[in-house]
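These notes are about the structure you will find just below.
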Amino acid sequence: MLFLNSPIQEIVFQNQNFLVKRDDLLHSDFSGNKARKFHFFLNYEFPNIDTIISYGSNQSNAMYSMSVLAKLKGWKFIYYTNHLSSFLEQNPVGNYRYALQNGMEIKIKDEIFQKKDFSENVVFVEEGGRQKKAEFGIKILANEIIDYAQKEKIDNLKIFLPSGTGTTALFLQKNIPYPVYTCNCVGDEEYLKKQFFGLEKDSTKHPQILSLGKKHHFGKLYGEFYDIWEKIKTETQIEFDLLYDPKGWLTLLNSNLKDENNTILYIHQGGIIGNESMILRYERFKKNR
Ligand SMILES: *Cc1c(COP(=O)(O)O)cnc(C)c1O
């Protein structure tokens, strides 16, 4: 399976120009930063592997992407989650629904499972696809951006993307000469810095964390998140993810990155399938607003 060199699109949002790296268009079934993070596994044969095991939330984008990977590789996919409501079980939507369709076997993590218990036929992936092998695909992303910037003669390029585990932002910064900016969506800034150090000891190679100066909890619904998401969609015709990108765009617009005559490239990291369940949640949320 081959990925496109995903296009870089010029957009105008709130009278400002941005470039958007359309990694949401990488491939019809396998897109965004999760596809980049798992590219390594697609690229090589693993004759001794027949199972992939991971864990995390029951609506995770990484879970869905691993179900696609397992299907493409002919591997079994076992996914542990803490909790599954009987409502979701009976009415599967979003990432959960499509991962099941790809053959995911879901297990409730009621007993502690340990990596060392798994045999050699298993690939174990940490929550959110956090793994060293992710650098392989993210380096390809970095090279696509470098080629573009050289061809278009852009030298004041600044890159922005919102972070979960920070794996994408970190490996991007490690492999690109332009500054990479990010914001923490999952934990606080200290959590994100810790994630960076887990992958790279040298802090001069870390992305810079921009702050919105306001606390948001991951996965929680906020009126201002939905509003910015809807505005971008209306103004640019691009659908972004509802979990990470609203905080990403609010942080970027609130920063002074734009004031310095920089060219800003925002990385669209996919996640659109997850919007199915998020939109349902926001519909209920807005009714009660
Ligand atoms: C997973 C994901 C992220 C976070 O990626 P990390 O590498 O964990 O920082 C951001 N945006 C979208 C749409 C995602 O699916």
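The values are calculated or read from the model by the stated rules, or taken from the named source; none is laboratory data. Bear in mind the structure is a predicted one, so any value in this text is a computation, not a measurement. When we count neighbours, we look across all protein chains shown, and the Cβ atoms used for this are built from the backbone with ideal geometry, even at glycine. SASA here: full protein model, heavy atoms, side chains in, ligands and nucleic acids out. Shrake-Rupley method; radii C 1.70, N 1.55, O 1.52, S 1.80 Å.
Sub-7 Å Cβ pairs linking a first residue in the stretch 166-193 that is without any contact (Cβ under 8 Å) to a residue 24 or more places away in the chain to a second residue that is of a type in the set (G, A, S), at least 6 apart or interchain, are E189/S211, ordered by first then second residue. Out of H39, H27, one residue alone is under 24 Å from G164 (Cα atoms) and open to solvent by less than 30 Å² (accessible area, probe 1.4 Å). It is H39.
Taking the stated definitions as given, is K233 closer than 22 Å to L26 by Cα and open to solvent by 50 Å² or more (accessible area, probe 1.4 Å)? For K233, the condition - closer than 22 Å to L26 by Cα and open to solvent by 50 Å² or more (accessible area, probe 1.4 Å) - is met.
Out of all the residues in the stretch 63-74, is one or more part of a loop (DSSP other than H, G, I, E, B), surrounded by 23 or more Cβ atoms within 10 Å (Cβ to Cβ) and within 16 Å of the ligand (Cβ to nearest atom)? Within the stretch 63-74, none of the residues are part of a loop (DSSP other than H, G, I, E, B), surrounded by 23 or more Cβ atoms within 10 Å (Cβ to Cβ) and within 16 Å of the ligand (Cβ to nearest atom).
Remark: I78 matches the filter, which requires a residue to be in a strand (DSSP E or B), more than 18 Å from L243 (Cβ to Cβ) and open to solvent by 10 Å² or more (accessible area, probe 1.4 Å). The stretch 128-239 holds helices (runs of 4 or more DSSP H) entirely within its bounds, and those carrying 1 or more residues that are farther than 26 Å from I53 by Cα and aliphatic (A, V, I, L, M) map to 134-151, 223-236. Taking L257 as the residue in question, decide whether it is within 22 Å of Q173 (Cβ to Cβ), away from the ligand (no atom under 16 Å from the Cβ), buried (at least 16 other Cβ atoms within 10 Å of the Cβ) and hydrophobic (A, V, I, L, M, F, W, C). Criteria met by L257. In the stretch 240-252, the qualifying residues are those that are part of a loop (DSSP other than H, G, I, E, B) and aromatic (F, W, Y), and the one that is surrounded by the fewest Cβ atoms within 10 Å (Cβ to Cβ) is Y244. Among the residues of the stretch 142-161, those that are within 16 Å of the ligand (Cβ to nearest atom) and either at pLDDT below 95 or in contact with a Ser or Thr (Cβ under 8 Å, 6 or more places away or on another chain) (or both) comprise F160, L161. Criterion first (open to solvent by 30 Å² or more (accessible area, probe 1.4 Å) and either closer than 19 Å to S6 by Cα or more than 14 Å from the ligand (Cβ to nearest atom) (or both)) does K215 satisfy it? Yes; evaluated as a whole, the condition is true for this residue. Filtered by the rule that a residue be within 13 Å of the ligand (Cβ to nearest atom), out of contact with any Ser or Thr (no Cβ under 9 Å at 6 or more places or on another chain), open to solvent by 10 Å² or more (accessible area, probe 1.4 Å) and modelled with pLDDT of 95 or more, the stretch 175-193 gives a lone residue, Y191. Can you tell me which residue is nearest to N275 (Cα to Cα) among those in the stretch 12-24 that are in a strand (DSSP E or B) and open to solvent by 10 Å² or more (accessible area, probe 1.4 Å)? My answer is R22.
Among the residues of the stretch 235-263, those that are on the phi < 0 side of the Ramachandran plot and more than 19 Å from the chain's Cα centre (by Cα) comprise E235, T236, L253, N254, S255, N256, L257, K258, D259, E260, N262, T263. Taking the listed residues F87, F118, the one that is more than 16 Å from the ligand (Cβ to nearest atom), hydrophobic (A, V, I, L, M, F, W, C), open to solvent by 20 Å² or more (accessible area, probe 1.4 Å) and free of Cβ contacts under 8 Å to residues at least 24 places away in the same chain is F87, with no other qualifying.
Scanning the stretch 202-227 for residues that are of a type outside the set (D, E), more than 21 Å from G128 (Cβ to Cβ) and free of Cβ contacts under 8 Å to residues at least 12 places away in the same chain returns S203, T204, K214.
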